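None of the figures in this text is laboratory data; all of them are computed from the coordinates on show. Remember, it's a predicted structure, so these values are computed and weren't measured experimentally. Here the Cβ positions follow ideal geometry from the backbone for every residue, glycine too, while neighbour counts run over all protein chains shown.
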Amino acid sequence: MVLNIIWILFFVLSFIIILYKTIVLQDYTVMPATVNAITDSAKTAFELSIGLTGAMCFWLGIMRIGEKGGAIAIFSRLITPFFSRLFPEIPKNHPAMGSILMNYSANMLGLDNAATPFGLKAMKELQAINPEKESASNAMIMFLTLNTAGFTIIPVSIIAFRASANAANPTDIFIPLLIATYGGMISGLILCTFIQKIKWDFVLTAWIAGMIAFVAGLTYLFSSMSKEKMEIVSNNLGGFIIFSIIVSFISLAFYKKVDVYDSFIDGAKEGFEVAVKIIPYLVAMLVAISVFRASGGMSTITDGIKYLISSLGFDTRFVDALPVAIMKPFSGGGAKGLMAELIDPKNTNGLGVDSFAGRLAGIFNSSHDTTFYVLAVYFGSVAIKKTRYVVATSLFAELVSIILSIVVCYIFFG
């Protein structure tokens, strides 16, 4: 299992780096700092799981209302022509289709807390039709590759983050981000269809072309807005859509004389069970990441990249934001923390929120998702041990989005 190898490497490489720093560089602070990081990150993982439990209970309660009232079935029928081609293993009108759509929708709106419960619900439904219970199915791999690509239309949290840091125009990264995140998602989709030998017929091609037109239209629409209006629309549109979905689920269920409250409680109980089940996987991944960072492994990688880029004579401004891109597949909170350090002018390494690296860090934070966190938690929730090629397809999509992020940042911000 790829995650098994990666997890082991985090600890082994960290230990080698610690020995080098302690013995050769005589840095006697790195060992206690790393050991402390183990305890702190384990505590953080548990606290995160507690926070996730509330979101899981609420959103899976809403999902159960949607299922009982028929709203999920309506969503499934709407996207069946497209999803039936991307997910040929899933039976027609299966509830997994609705859960997958809700997960993607929440991700596109930048609503991470809503996306995770929908994603875990989708994994449970996909596992129910998986013939090999310990091995990831093609449908799971396609779902998670597109999930970790992190296609975001409304980057609510990053715009708010930039605004709180007093950016001159908090929304100026919107269009570059849209291009980067969409390019990563499409690249992951194409690679998965190639590996899974999915035929690109007229319907699939038309849907992809329609999505391209939609992104282009959205780009044009937002580019014509003033920065004040763009910020207002970005911060409110996602919330409006998700709250409208909640109300529509409840209203339809009430119309069909479903016991809405009891349905919510049943779903919330399921959410609690899932949240408890993923705690060990969350602790394992966050501790490994924290150890690697505390040992200096992350800074060693970025320093090496900066030296290589500089020796080749290329501009190295983008390297200052690379730790954010590298951290993001492992920890969304860690990536935001690195971005906060980078844009804080009071920090010795702070370059400012409107610097080239500051803007690029914002794009990195929303152009791809927390791959290893998602894979560990999602597969852990259904006890999948053999992940097959999903790590490769997910990282490929993220690599494309990282490269595009750098390119568009140079195009838009020089």
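See the values below:
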| read-out | value |
| --- | --- |
| For segment 347-403 and segment 118-168, distance of Cα centres in Å | 11 |
| Estimated distance in nm for a label pair at Ile246 and Leu308, the labels positioned 7 Å out from Cα along Cα-to-Cβ | 4.6 |
| Nearest-ten-degree value, helix 227-255 long axis tilted from longest Cα axis of the chain | 40 |
| Burial order of peptide ranges 295-301, 170-176, 187-193 (average beta-carbon count within 10 Å, highest first) | 170-176, 187-193, 295-301 |
| Segment Asn93-Ile265, length gained on full extension (0.36 nm per residue, minus Cα span) | 59.5 nm |
| Sites Ser226 and Tyr410, calculated FRET efficiency, Cβ-Cβ separation with R0 35 Å, nearest 0.05 | 0.90 |
| With at most 16 other Cβ atoms within 10 Å, longest stretch of the chain clear of loop trypsin sites (Lys or Arg not before Pro) (DSSP) | 1-91 |
| Förster radius 45 Å - calculated FRET efficiency between Phe46 and Glu134 (Cβ-Cβ, nearest 0.05) | 0.95 |
| Within segment 1-33, chymotrypsin sites (Phe, Trp or Tyr not before Pro) in DSSP loop having at most 13 other beta-carbon neighbours inside 10 Å | Tyr28 |
| Spatially proximal aspartates and glutamates relative to Lys269 (Cα-Cα < 18 Å; intrachain offsets below 8 disregarded) | Glu67, Glu125, Asp259 |
| Extension gain from Glu341 to Tyr255, taking 0.36 nm per residue of separation minus the Cα-Cα distance | 25.9 nm |
| Potential lengthening between Ala168 and Ala209 on full extension [0.36 nm per residue; Cα-Cα distance subtracted] | 11.3 nm |
| The chain, relative contact order [Cα under 8 Å, separation at least 6], % | 30 |
| Whole-Å distance, taken between Cα centres, linking segment 303-330 and segment 4-55 | 22 |
| Label-point separation, Thr29 to Thr219 (7 Å along Cα→Cβ), nm | 4.5 |
| Order of His94, His368 under a 10 Å beta carbon neighbour criterion, fewest first | His94, His368 |
| Spin-label model distance (nm) - Asn36 vs Asp201, 7 Å beyond Cα toward Cβ | 6.1 |
| Förster radius 51 Å - calculated FRET efficiency between Ile74 and Ile301 (Cβ-Cβ, nearest 0.05) | 0.60 |
